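Data block below; observations after.
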Amino acid sequence: MQRRSGTTSISGGQDSILTRAKQAVDRALPLLDGLSPLNPDAGDDVEALKTIVRKQMLALVEELGPPRVSRVGQIFRLLGGPDISAARISPNSIGGTLGTLRDQFGFTSSTEREPNLANFRAIAQSIISLAQTWFSVRRLGRGH
C-alpha cells in the first residue's frame, strides 16, 4: 500500500521507517544537546561536532520522506561510517560522525557508568537500528 506525499508516493515500509526516524530523532536531539565531553582535551570542536550530528540527523528525516534512496544511504554512512548496516556494528564500533563524536568526547568502555555514555549509546543505537532496517529493506527490493 502506498500513500501520496506531494507528488511522490511512499510505500508502507518507507512510511514506517520515516515514522521511526522522526521519533528516534525527536528523542535523540535532547540527549545530543545534553552531551558533554569526558575527555579534558576535547577542545573547542565539541559544539561544532554536535551541530554536525544534529544537522545530519535532521537531514536524514527530511530525505526519508519521500526518500531519495542514494541520499538516505549517504547520510546513514556519514553518521555511522561505511559499515553502518553491518550486523556487528555497535555504539562502541560505529564510525562516521558519531564515531568521531564518541572518540572526541572520550566515551569509552572505561566510563561505563557515565550518563553521557549511556545517552551517546542511545543515540548511536537508534541510528544503527534505522540504518539496518533501511539497508535490509533496500536489499530485499521493497519500499522503492
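Rule-based calculations on the coordinates, nothing more; no lab input. Note that this is a predicted model, so its numbers are computed, not measured. Virtual Cβ from ideal backbone geometry, glycine too; neighbours counted across all protein chains shown.
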Review point. When the Karplus curve 6.51 cos²θ - 1.76 cosθ + 1.60 is applied with θ = phi - 60°, which whole-Hz ³J(HN,Hα) does each residue of segment 132-140 get, with x for Gly and Pro?
Key: 5, 5, 4, 5, 5, 4, 5, 5, 7
Review point. How large is the dipole of the chain about the Cα centre if only Lys and Arg carry +1 and Asp and Glu carry -1, each at its Cβ, rounded to the nearest 20 debye?
Key: 860
Study note, to complete from the structure: In order over segment 117-122: 3J(HN,Hα) from phi, Karplus 6.51/-1.76/1.60, θ = phi - 60°, whole Hz, x for each Gly or Pro, gives 5, 4, 5, 4, 4, 4
Check your understanding: Using the count of nearby Cβ atoms within 10 Å as a rough guide to exposure, how do R113, R121 rank from fewest to most?
Key -> R113, R121
Practice item. Taking log10 I(q)/I(0) by the Debye sum over Cα atoms at q = 0.09, 0.17, 0.21 Å⁻¹ as the quantity of interest, determine which of [x] -0.37, -1.31, -1.48; [y] -0.46, -0.93, -1.19; [z] -0.28, -0.88, -1.25 was computed from the displayed structure. Key: [z]
Check your understanding: Whole-Hz Karplus ³J(HN,Hα) for segment 28-44, in order, using 6.51 cos²θ - 1.76 cosθ + 1.60 and θ = phi - 60°, x for Gly and Pro?
Key -> 6, 4, x, 5, 4, 4, x, 5, 9, x, 8, 7, x, 9, 4, x, 7
Point to revise | Ranked K22, K50, criterion: other C-beta atoms within 10 Å, fewest first | key: K22, K50
Review point. So what's the back-of-envelope 222 nm ellipticity for the chain, counting only DSSP H runs of four-plus at -39500 (n - 2.57) apiece and dividing by all residues, rounded to 500?
Key: -21000 deg cm²/dmol
Review point. On full extension of the chain, what length is gained from Q74 through R54, given 0.36 nm per residue of separation minus the C-alpha to C-alpha distance?
Key: 5.6 nm
